Amino acid sequence: MSDSFGRKNPYIIGRPIVEPEMFFGRETLFEFIQDNLLQGAQVILLHGQRRIGKSSVLAQIPHFVKLKDFEFVPLSLEGDSRKPLGMVLHELARDSLDYFDRFKDQVEVPSIEELTEQPQLFVDRFLPDLRRVLGVKNIVLLLDEFDAVGDYRPDMTDAAGHLFPFLQSEVYQHRDLYIIPVVGRQLTDLRSLLSLFREAPYQEVGLLDRRSAEKLITKPAEKILEYFPGAIDAILELSAGHPYFTQMLCFSLFINAREEGRWKVIRDDVKKIVDRAIEFGEGGLAWFWDGIPLPERVVFSAAAEVPELKLAANLGDLSLEFTEIEPLELLGDCGVIVTDDIRRSILNLVNWKFLQASTHRPRVRSATIPPSISTYRVTIELVRRWLVGRHPIRKEIKELSMLSPEADALYQRAKRDRADHGATPRTATLLDRALKLNPNHFEALLELASTLADLEQFARAIVSYERAYLIDPVRVRDVYIRTFLNYAAQLRDLGQFDDAIARLRDALALEPVREGQELLEQVRRAKQLDEKLKVNSLTNGNGHVATKSTTELKVQDLDFAMLENNFARLVNQVQAEAPNDMKGKALERLDDLQKEIFNEKEVDIPTLVYVHRWFSKNLPSTIAQTVTDFVDKVIAKTFGKDSAESENHSNR
């Protein structure tokens, strides 16, 4: 087989299979079509996932369904969604004659103008003329991309709004006209068309059975490649008999065999070419993905990722099974609010055959899951691997922001409002309304957290940042930590030191930033000082909290001059480092402090507390720390031994 090095790859990806000798399987489907045509069914709907081979089936119907007095006309409606009815009918007539090229001169195609004015000319004049030259009684229009003209609604004015009811009316008035449309661009389209063609039989174009899939693998390269049984098993384990993905793998295997000059395919060869196959099929995989509605895409990504997380958690070998709850749990762990639409997505994915029921009970992530819960696996393992690599869950959940246009409009309005007027309660209200409509609008959630932080509503901001952090830790971490620090500073200024310390520990658990560590030390010092003031204060007869005067202690305390020097350095630091807009007020507070301390009166404890907290709230941390140290020294000097004993008692 070495002389096959220059052979053309016989496997087909990227286009419908029009060659009958390259098409395998679907015998039951063709029998279904034939039986229904013989029974007079004028509309037969075919549906299935994208890339499942619907266009190839239509192309093969003329070859595999042989009926006397029936002629099949393959047509496509792709690109016709915005065209008026007259233009669409003109193009269908023109393409019909292109298919029967030898009769072009014998049948006249009505003009766009004629069909715009009288659409019935298509069925009253053109189709009878075509039947006459073909010598048949019945015409069967094979309408590919039938749902490309749009999701039918009675109020539509474009092609879908006119073409669907036109065909419905004309088919049932002309017993010699049949149509076989295929749908599946959007998985919800079948329901709409069944409401229009209510009596139409319909059949799914699904996965190939084992025998047909083996033919698809072996027959195209029958005299070139030799597949060992293990290789065939490996291909089907990855493709599940999906024709596109089966061909994708075989296409890659053929290239690998040609490169290596080795024309026997074993299981290890299949494992080796998976990444290359995914690369070759990237366009088809993306088209396949785009046909899935947004909530189901997010749940599908979660379902694909669950087995990987189990493997990472060292629960043994890779297990592809999971419970119906596990993808939803994973979404919750990533910050998603599991709405009814998201919860229903599991069942939709099963109904659309993207997930299949499993007969094995997996090792579950939650010990609370009861044994009665259903278990599933991703139907096509190759798709699951592609999802893990190209559509990770944290990327997909951000698309949930687009679920509600109304919610997004409120979010955009809030952004404009904040840009024009800054953070206001009205901005927060608009964002709250957006999140009520769509709790998974990530950008609105982040905008709300930022707005609340600007409004200094830090507790509420942290709640929003907490969920946003689960969704995108890298993007949110810094602002999340900053909000914790600001909230801790606010709590410190309110004298709620324990709560401030708790919030700082939360921030440092995210990342041990230096600013957080310094603020934590400041809060601890402030708490100790506050406790000293409470424990050591004396109350005079008027209920006024005071200590001994520092003047009384001058003779006893040889270090009193040092206290004065410390105060002078504090004044110099404020003059040098305080912001200009706060410098005057800061010097006024120091003047109050000087009058209170360096006199012959008792030191007023509330004044110490007020000045200390004012500096902590309004001045840079370096100055606030100097004030804390100074007040601490004042307390030590005025309370003396009692203060030290109280401090030791507090530390215990």
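The values are calculated or read from the model by the stated rules, or taken from the named source; none is laboratory data. All values derive from a computational prediction rather than experimental measurement. Backbone-built Cβ (ideal geometry, glycine too); neighbour counts: all protein chains shown. Heads up: the accessible areas ignore ligands, DNA and RNA and are worked out on the full protein's heavy atoms, side chains in. Shrake-Rupley method; radii C 1.70, N 1.55, O 1.52, S 1.80 Å.
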Among (1) free of Cβ contacts under 8 Å to residues at least 60 places away in the same chain; (2) open to solvent by 30 Å² or more (accessible area, probe 1.4 Å); (3) under 41 Å from the mean Cα position of the chain (by Cα), where does Q34 come up short? (3)
I'm told E296 meets every condition in (1) under 13 Å from V378 (Cβ atoms); (2) open to solvent by 50 Å² or more (accessible area, probe 1.4 Å) except one. Can you identify the failing condition by its number? (2)
Please find, within segment 369-390, the residue that is nearest to L309 (Cα to Cα) out of those that are free of Cβ contacts under 8 Å to residues at least 60 places away in the same chain and either in a helix (DSSP H, G or I) or open to solvent by 80 Å² or more (accessible area, probe 1.4 Å) (or both). P371
Condition (residue is in contact with a Ser or Thr (Cβ under 6 Å, 6 or more places away or on another chain), part of a loop (DSSP other than H, G, I, E, B) and over 25 Å from L163 (Cβ atoms)) applied to segment 3-18: is it met by at least one residue? yes
Residues to consider are D155, D147; find the one that is modelled with pLDDT under 90, touching a Pro at 6+ places or on another chain (Cβ under 9 Å), on the phi < 0 side of the Ramachandran plot and charged (D, E, K, R). D147
Close pairs (8 angstrom Cβ cut-off, 6 or more residues apart or separate chains): farther than 11 Å from L294 by Cα in segment 391-407, β-branched (V, I, T) and assigned to a helix (DSSP H, G or I) anywhere: I393/V298; R394/I471
Inside segment 226-253, the number of residues satisfying the requirement of being in contact (Cβ under 8 Å) with a residue 60 or more places away in the chain, open to solvent by less than 10 Å² (accessible area, probe 1.4 Å) and not in a helix (DSSP H, G or I) is 1
Every residue from segment 448-502 that is in contact with a helix residue (DSSP H, G or I) (Cβ under 9 Å, 6 or more places away or on another chain), open to solvent by 60 Å² or more (accessible area, probe 1.4 Å) and among the charged types (D, E, K, R): D454, E456, R460, E466, R475, R477, R482, D498, D499
Per-region count, segment 91-114, residues in contact with a Leu (Cβ under 7 Å, 6 or more places away or on another chain), open to solvent by less than 40 Å² (accessible area, probe 1.4 Å) and more than 15 Å from V73 (Cβ to Cβ): 1
Contacts under 8 angstrom Cβ, first residue in segment 412-436 being closer than 12 Å to T451 by Cβ, partner open to solvent by 100 Å² or more (accessible area, probe 1.4 Å) and of a type outside the set (F, W, Y), 6 or more apart: D417/R426; T427/H421; L430/R413
Would a scan of segment 326-345 turn up a residue that is more than 19 Å from the chain's Cα centre (by Cα) and either small (G, A, S) or open to solvent by 10 Å² or more (accessible area, probe 1.4 Å) (or both)? no
Among the residues of segment 263-278, is any touching a residue at least 60 places away in the same chain (Cβ under 8 Å) and crowded, with 23+ Cβ neighbours inside 10 Å? yes
Hey, any hits in segment 379-386 for a residue that's aliphatic (A, V, I, L, M) and at pLDDT below 95? no
Would you check if T551 is among the hydroxyl-bearing types (S, T, Y), at pLDDT 80 or above and either surrounded by fewer than 18 Cβ atoms within 10 Å (Cβ to Cβ) or touching a strand residue (DSSP E or B) at 6+ places or on another chain (Cβ under 9 Å) (or both)? no
So which of V43, V57 is in contact with an Asp or Glu (Cβ under 9 Å, 6 or more places away or on another chain) and of a type outside the set (G, A, S)? V43
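Yes or no, residue by residue, for (1) touching a strand residue (DSSP E or B) at 6+ places or on another chain (Cβ under 8 Å); (2) touching a residue at least 60 places away in the same chain (Cβ under 8 Å); (3) under 30 Å from N256 (Cβ atoms):
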residue	(1), (2), (3)
R7	no, yes, yes
I12	no, yes, yes
R15	no, no, yes
V18	no, no, yes
G53	no, yes, yes
L58	yes, yes, no
F72	yes, yes, no
K104	no, no, no
E117	no, no, no
Filtered residues of segment 37-53 (kept if open to solvent by 50 Å² or more (accessible area, probe 1.4 Å) and not hydrophobic (A, V, I, L, M, F, W, C)): Q39, R51
In the set A509, A444, A489, A459, which member is of a type outside the set (S, T, N, Q) and under 24 Å from A409 (Cβ atoms)? A444
Only one of F72, F122 is within 19 Å of Y202 (Cβ to Cβ), open to solvent by less than 40 Å² (accessible area, probe 1.4 Å), of a type outside the set (S, T, Y) and outside any loop (DSSP other than H, G, I, E, B). Can you tell me which? F72
State yes or no: is K395 at pLDDT below 95, among the basic types (K, R) and either within 24 Å of D341 (Cβ to Cβ) or touching a helix residue (DSSP H, G or I) at 6+ places or on another chain (Cβ under 7 Å) (or both)? yes
